[in-house]
Amino acid sequence: MTGKSKQKVLITCALPYVNNVPHIGNIAGSHLPADIFARFCRLAGHETVFIGGSDEHGTPIEVSAEKLGVDPQTLCDQYYRVHKEIYDWLLISYDNFSRTSLPIHHETTQEFFRKVYENGYVVEGTLRLPSCEKCGRVLPDRYVEGTCPKCGYEGARGDQCEKCSSMLNPGDLRSPRCAICGSAPVFKDIKHLFLSLDKLEARLKEWIEGNRDVWSPQVVNMALGWIHEGLKPRSITRDIKWGVKVPLEGFEDRVFYVWFDAPIGYVSSTKEWAQKIGKPEEWRRFWQEEDAKIFHFIGKDNIPFHTIFWPGMLMANGEFTLPYRVAGLQYLNYEGDKISKSRGFGIFCENLSRTGTSPDIWRYYLTLLIPETGDTEWKWREFQERVNKELVANLGNFVYRTLSFTMKNFDGRVPGAELSGRDRELLERGKRYAEEVGNLIWDIRLRDALKKVFELSDEGNRYFQENEPWKAVKEDPERAAACLHVCANLCYDLAVLLSPFLPESAERICAQLGMEVGTLEDVGQARVEAGQELRDVRPLFPKLDDKKIAELREITSSVTEYEEMFKVEEEYVSYEEFKRLDLRTAEVLEAGPVEGADKLLKLKIRVGGKEKQLVAGLAPYYRPEELVGKTIVVVNNLKPAKLRGEVSEGMLLAAVDGKKVALLTPDKDVKSGSKVE
RNA sequence: AGCGGGGUGGGGUAGCCAGGUCAAUCCCGCCGGGCUCAUAACCCGGAGAUCGGUCGUUCAAAUCGACCCCCCGCUACCA
């Protein structure tokens, strides 16, 4: 199935909602497994498209944008950038990462809806909903607050009381109020559109049961559980402004419920991809042809949605291929509890790029934590251990001992030699691994697949050990040459097999071999020939010591408050005001403590030809000796002041990020006293 | 509350759906010995779980049934 017959595969990852910064749970729960799967499909030669995008509509975005006084689009733009950068850094290989706020998605959604409507699967109905006259909006359940009728808790929400956890409707609350402005809501009957899921119940049931062999039991059972309770028409419109307009007379002021438009984002993202590659109709081959296999990677909270509601939409439309496999993943916890942004508890991905680490160390451990069967848990201790013992000491060690031995003893060229039966057998071994790894991945058993690849590294280490080339190189050079020839090829095979999981490392291994990362068909073929010249051989990963772990922990636990950034942008400074500052580069000549002050340092600096004294609150962040010799940026014409009795004739500039402080320095060599503007 | 998933040596995990070959798999860690090209691996030996709890079905249960405990998700207008 995997290496032999070529498939046409579309892979989607649950579209992240953009009111949050992604954390490791989001990565392990969908982006990473989807990416591994997609990379593998490409490696196996399947025709592969991997798409995603951000889900940007809905009440939460509209409300928080309003609070900040910006329009929702601006807020989404900001978060979209954050998301995109994170996925890029983690090497999530989207063929296209789209946005539901793009025109192409609005058009696609409306077109999709029209067809569903024409087919008779849309009915009108009435909902009695609370609305706030003052805010001029209909309130979603959770935006109504009041007193819980059961336990008397005053802060109960319209969907649930957090105190006694009873399920509520907004109408149940005593003295209800709008969660945004606090005024009393009015209940009105409002016309809405519903998708007639009830009409599709029998077909959905048959379809789900037909997938028993392919889907995991959890997914099938949960879906059937829903069917069993009976499907009812489900509302697909909302009374807010931020979203896709409903193209139907009498509903012009409504938008689609985000759950209706979000999955259609899969289609629009594929369309956008097709346009980008210059074949605008290409998307149809994946969405409208029977032989296309569509894989959805989602979290467990999304299972009913992707097994009932979304396929129902597709059936109602009638022109689309149904999902082939819905991979419902469980959750990733963190050190014994749920990840929580507000408590700063967890690993948030926006600062990963600042850790100075390879994305592969994160990908490695997170792959082992992909919650395929049950919830899993990130533990720093285990992260450190696995990186050091497995990535560094097993895989890294095998590659490095092989290549460095070749450098030292064979002049940096892969030796050639007469091979024994055992040598040949091992060279061929890669083929079997390729097949086994392929089967595991196709079955979405990614953790097992990665472990399988590491077995090959184990075999390599064992083989190297048994042949003792460090002895043989003196006593039986031919044997040593054969051994290293085989090992170089094993390194290459490993790199290829590893490439879906650890793409950067795969590249680095191949680069050191002076080769390119090949495809699955190159594995086990002894592609590294005698005479191949190695280059720039060095260890793949550094070990993570306790200090580094503490640093990583610190960096990844903080999340930028993007909301605050909008406030800053609003206070403009005129160019004239800016020009009054005389910013200059300066060289630090001396640095030392200020008597009687813990936090201050006294610096002697040179600005052009002139020497000055500066006092700065750097002591908690820099040692004096670290500063000497640095070129910094100072406000040269700041009015002199005395701090703790010492004159300060200017101030230096530094970036302040919470407890972290970084001096600004020019990134090229410039003359002392250069103007900064 | 109902529905679904899970509870296996210190950590993780397989097996359980098609009960016996499971006094239970594999990885990591731990203890002892060998080797040294490598940010050291590999080899040999060792300690460690009665499979959430109770009761049953059976010649035989981690594996089937009942009840209970704990964790997680869903329960439709939160995405």
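A:Glu390 falls short on exactly one of the conditions (1) surrounded by 15 or more Cβ atoms within 10 Å (Cβ to Cβ); (2) more than 22 Å from A:Arg527 (Cα to Cα); (3) more than 9 Å from RNA strand B (Cβ to nearest atom), and that condition is (3).
Does the range A:348-366 contain at least one residue that is of a type outside the set (A, V, I, L, M, F, W, C), assigned to a helix (DSSP H, G or I) and touching a Lys or Arg at 6+ places or on another chain (Cβ under 6 Å)? Yes, the conditions are met somewhere in the range A:348-366. Inside the range A:577-607, residues that are over 16 Å from A:Leu653 (Cβ atoms) and at pLDDT below 80 make up a count of 11. Mind checking which residues of the range A:339-396 are free of Cβ contacts under 8 Å to residues at least 24 places away in the same chain and acidic (Asp, Glu)? Of everything in the range A:339-396, those that are free of Cβ contacts under 8 Å to residues at least 24 places away in the same chain and acidic (Asp, Glu) turn out to be A:Glu382, A:Glu385. For A:Glu85, indicate whether it is modelled with pLDDT of 95 or more, away from RNA strand B (no atom under 14 Å from the Cβ) and either outside the structural domain of A:Gly146 (by TED's automatic domain parsing) or not in a helix (DSSP H, G or I) (or both). No; evaluated as a whole, the condition is false for this residue.
Name every residue in the range A:1-32 that is over 16 Å from A:Val267 (Cα atoms) and part of a loop (DSSP other than H, G, I, E, B), in order of residue number. Within the range A:1-32, A:Met1, A:Thr2, A:Gly3, A:Lys4, A:Ser5, A:Lys6, A:Gln7, A:Val18, A:Asn19, A:Asn20, A:Val21, A:Pro22 meet the criteria. Restricting A:Ala417, A:Ala472, A:Ala434 to those that are closer than 22 Å to A:Glu372 by Cα and either more than 12 Å from RNA strand B (Cβ to nearest atom) or touching a Lys or Arg at 6+ places or on another chain (Cβ under 8 Å) (or both) reduces the list to A:Ala434. Could you tell me whether any residue of the range A:233-241 is closer than 26 Å to A:Phe113 by Cα, within 11 Å of RNA strand B (Cβ to nearest atom), over 34 Å from the mean Cα position of the chain (by Cα) and at pLDDT below 90? For the range A:233-241, residues closer than 26 Å to A:Phe113 by Cα, within 11 Å of RNA strand B (Cβ to nearest atom), over 34 Å from the mean Cα position of the chain (by Cα) and at pLDDT below 90: present. Part of a loop (DSSP other than H, G, I, E, B), within 11 Å of RNA strand B (Cβ to nearest atom) and β-branched (Val, Ile, Thr): does that describe A:Ile180? It is false that A:Ile180 is part of a loop (DSSP other than H, G, I, E, B), within 11 Å of RNA strand B (Cβ to nearest atom) and β-branched (Val, Ile, Thr).
Residues that are among the β-branched types (Val, Ile, Thr) and either touching a Leu at 6+ places or on another chain (Cβ under 7 Å) or surrounded by 15 or more Cβ atoms within 10 Å (Cβ to Cβ) (or both) within the range A:666-677 comprise just one, A:Val676. Looking only at residues in the range A:510-529 that are over 12 Å from A:Leu403 (Cβ atoms) and of a type in the set (Val, Ile, Thr), the one that is surrounded by the fewest Cβ atoms within 10 Å (Cβ to Cβ) is A:Thr519.
Only one of the numbered conditions (1) away from RNA strand B (no atom under 12 Å from the Cβ); (2) surrounded by fewer than 19 Cβ atoms within 10 Å (Cβ to Cβ); (3) over 30 Å from A:Leu368 (Cβ atoms) is not met by A:Glu425, and that is (3). Restricting A:Asn211, A:Asn221 to residues that are over 24 Å from A:Gln110 (Cα atoms) and either within 13 Å of RNA strand B (Cβ to nearest atom) or of a type in the set (A, V, I, L, M, F, W, C) (or both) narrows the list to A:Asn221. Within the range A:33-53, being surrounded by 23 or more Cβ atoms within 10 Å (Cβ to Cβ) and part of a strand (DSSP E or B) holds for A:Val49, A:Phe50, A:Ile51, A:Gly52, A:Gly53. Within the range A:512-553, if we keep just the residues that are among the acidic types (Asp, Glu) and assigned to a loop (DSSP other than H, G, I, E, B), the residue that is farthest from A:Gly438 (Cα to Cα) turns out to be A:Asp545.
Selection of the range A:402-422 for residues being modelled with pLDDT of 90 or more and either surrounded by 20 or more Cβ atoms within 10 Å (Cβ to Cβ) or among the hydrophobic types (A, V, I, L, M, F, W, C) (or both) yields A:Thr402, A:Leu403, A:Phe405, A:Thr406, A:Met407, A:Phe410, A:Val414, A:Pro415, A:Leu419.
I'd like the residue in the range A:443-469 that is crowded, with 21+ Cβ neighbours inside 10 Å and within 17 Å of A:Asn394 (Cβ to Cβ) and, out of all such residues, is nearest to RNA strand B (Cβ to nearest atom). Once the filter is applied, the top-ranked residue is A:Phe464.
Candidates in the range A:639-656 are the residues that are within 31 Å of the chain's Cα centre (by Cα) and loosely packed, with under 13 Cβ neighbours inside 10 Å; of these, the one that is modelled with the lowest pLDDT is A:Val656. Residues in the range A:218-272 that are surrounded by fewer than 19 Cβ atoms within 10 Å (Cβ to Cβ), charged (D, E, K, R) and assigned to a helix (DSSP H, G or I): 1 in all. Taking A:Gly171, is it within 35 Å of the chain's Cα centre (by Cα), surrounded by fewer than 18 Cβ atoms within 10 Å (Cβ to Cβ) and of a type in the set (Gly, Ala, Ser)? So A:Gly171 does not fit the description; no. Has the range A:175-189 got at least one residue that is in contact with a Ser or Thr (Cβ under 9 Å, 6 or more places away or on another chain) and under 30 Å from A:Tyr324 (Cβ atoms)? Scanning the range A:175-189 turns up no residue that is in contact with a Ser or Thr (Cβ under 9 Å, 6 or more places away or on another chain) and under 30 Å from A:Tyr324 (Cβ atoms).
One line per residue, one yes/no per condition, for (1) modelled with pLDDT under 90; (2) more than 21 Å from the chain's Cα centre (by Cα):
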site	(1), (2)
A:Thr2	yes, yes
A:Ser5	yes, yes
A:Val21	yes, no
A:Ile36	no, no
A:Glu47	no, yes
A:Gly58	yes, yes
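Only one of the listed residues (A:Thr402, A:Thr355) is within 8 Å of RNA strand B (Cβ to nearest atom) and either in the same structural domain as A:Asn333 (by TED's automatic domain parsing) or under 24 Å from A:Pro500 (Cα atoms) (or both). That residue is A:Thr402.
Being away from RNA strand B (no atom under 13 Å from the Cβ), in contact with a Ser or Thr (Cβ under 8 Å, 6 or more places away or on another chain) and under 18 Å from A:Thr100 (Cβ atoms) is a property that does not hold for A:Lys245.
May I ask you to verify whether A:Ser165 is modelled with pLDDT under 80 and not in a helix (DSSP H, G or I)? Considered against the rule, which asks whether it is modelled with pLDDT under 80 and not in a helix (DSSP H, G or I), A:Ser165 comes out as yes.
The values are calculated or read from the model by the stated rules, or taken from the named source; none is laboratory data. Because the structure is a prediction, the values reported are computed rather than measured. Glycine also receives a Cβ, built like all others from the backbone with ideal geometry; neighbour counts cover every protein chain displayed.
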